[in-house]
1. Treat each spin label as a single point 7 Å out from the Cα along the C-beta direction, and report the residue 224 to residue 17 distance in nm.
2. Bin all alpha-carbon pair distances of the range 10-99 at 5 Å intervals from 0 and give each bin's fraction as a whole percent.
3. I want the antiparallel fraction of DSSP beta bridges within the chain, as a percent rounded to 5.
4. Skipping prolines and chain starts, which residues have an amide H placed within reach, meaning under 5 Å, of the one on residue 248, given they are 5 or more residues away or on another chain?
5. What are the extents of the Cα atoms of the range 370-426 along their three principal axes, listed from largest to smallest and rounded to whole Å?
6. Between helix 208-218 and the chain, what is the angle of the helix's C-alpha long axis to the longest principal axis, kept within 0 to 90° and rounded to the nearest 10?
7. What are the ³J(HN,Hα) couplings of the range 298-310, residue after residue, when phi is run through the Karplus curve with 6.51, -1.76, 1.60 and θ = phi - 60°? Round to Hz, x for glycine and proline.
8. What is the Rg over Rh value, at two decimals, for the range 94-146, using alpha-carbon atoms and the Kirkwood definition of Rh?
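Taken together, the values in this text are just the output of simple stated rules run on the coordinates, not laboratory data. Keep in mind it's a predicted model, so treat the numbers as computed, not measured. In this analysis, Cβ positions are derived from the backbone assuming ideal geometry, glycine residues included, and neighbour counts consider all displayed protein chains.
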Amino acid sequence: MKLHKIKIKGIDVRYLQVQKYKHILVSFSFYNLNKKNDYNERNLIPSLLENNNRIYKTSDQLNVAMDMLYGADFFSGTYQRGHLFSNQFHLKLVNPKYLHEEEDILARGFKLMHDVIFKPKMYGQLLTKKAVEDKIKEAKDAMHTIKQDKATLAYFNFLKKVTGKGLPSFFPYEPTFQQMSQASFTRVYNEMINNDQLKIFVVGDFEISKLNQIIDGCFDKERSQIDIKNVPLNQNIEHDDMVHHARDFDEVSISRLYLGYHLHVERHSKKEMMMEVLNKIIGGDAQSKLFRNIREEAQMVYMIYSAYLSEIDLMMIHFETEAKDEDEAIRRAKMIIEDVQSGYIADDEINMAKKSLIKTYKSISDKLFGLVKLHMNEEIMTDKPFDLNTRIETIQSITKEDLVGLANELTYQHEYRFVKEAISDE
């Protein structure tokens with residue numbers, strides 16, 4: 001597997017040639033700054049474009065066009081890392097060499113992607129009113145759903161308390177609802193197609209020279225775009241030495257609690273792999289200390305897990321429990337962290353965590369979409385291609401001393417409770 005880099009009309013093109021797949025995946029990724037005022041629009045633009053095209057006027061017409069490409073699969077989404085935000089569009093096509101007839105399926109596939117992204121329905125140089133209104137309603141409906149789903153609302157509130165005045169980390173972003181309009185959606189869309197850094201990734205078995213011609217033919221002029229190399233990939237949340245306690249009340253039958261430990265880890269370093277292994281040991285899977293000790297043995301919580309939120313430099317522990325067990329569950333969770341900091345990690349736990357993490361990376365890299373996501377992410381972080389063997393070697397080299405040292409850098413800073421308000425005796 002080799003990554004080829006080339007620039008075509010100002011666009012960074014990445015070819016990853018892999019022969020084992022019967023499909024080819026094409027990805028267009030637009031990168032720009034993560035901005036509060038544009039956050040909702042940036043999240044909604046991909047789905048708006050899928051359903052608001054002047055070539056494929058309805059979703060049915062787009063589906064027919066994909067059927068004509070032997071059942072191609074088009075999908076879109078977003079990606080964010082700290083101050084970086086990306087709109088992404090993907091098309092999975094069957095490799096032409098497996099077709100009975102000679103078909104220029106790659107050229108047709110690229111044209112379909114270009115049409116969907118660059119030729120939306122517009123009226124008076126604005127994205128159509130109905131398309132924008134549908135997306136605004138979608139954002140408000142999503143916010144309503146979050147407020148009705150107590151588990152999601154608790155997590156949403158916890159993130160807001162940790163990030164404070166930082167960048168949004170969860171869609172939708174309610175403070176800018178009133179600013180969404182035809183003009184705002186059109187402005188954000190125009191910035192994406194005209195100013196964003198565009199990278200095209202192609203993964204599969206293909207001829208590079210043919211892809212060069214196809215991509216060159218898709219764009220009629222040289223693209224001028226921003227440089228994202230110096231965009232911070234962490235939010236740089238301000239952390240102090242205090243423990244911040246917060247509590248929200250709601251009509252809930254169980255308590256949802258979040259504990260937050262501050263830890264800064266450089267992205268895509270050995271230390272990040274150490275954190276992934278440490279998280280597996282603490283609460284990252286069903287064999288973790290938190291799960292075995294607090295859920296299985298003490299039977300004190302309905303669910304419990306930990307996760308490292310790298311963008312905000314925080315290891316989070318989340319659990320759901322009865323109100324009467326809140327304090328004891330918190331005490332036990334904190335004690336487990338203290339035990340790890342004191343070196344109470346068994347060799348079997350370390351080996352199991354490593355095997356689990358390696359299995360995860362192997363599983364992701366074995367899938368076409370997973371492979372392209374790993375390479376996209378690696379390029380953003382290190383400007384290098386993803387290498388599975390190097391990743392595995394790094395994980396295997398991690399020692400108990402590494403993990404205990406890292407655990408001692410964890411600083412307890414947040415305790416958030418989403419609970420039912422106690423009935424007053426008065």
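1. In this crude label model, residue 224 to residue 17 measures out at 3.6 nm.
2. 3, 11, 19, 19, 18, 15, 10, 4, 1, 0
3. Values: 60 of 72 bridges.
Roughly 85 percent of the beta bridges in the chain run antiparallel, per DSSP.
4. For residue 248, the qualifying residues are 417, 418, 419.
5. Principal extents (Cα only, largest first): 65, 32, 16 Å.
6. The two axes meet at around 80 degrees.
7. With the stated coefficients, the range 298-310 comes to 7, 6, 9, 10, 7, 7, 7, 7, 10, 8, 9, 8, 5 Hz.
8. Radius of gyration relative to Kirkwood radius: 1.27.
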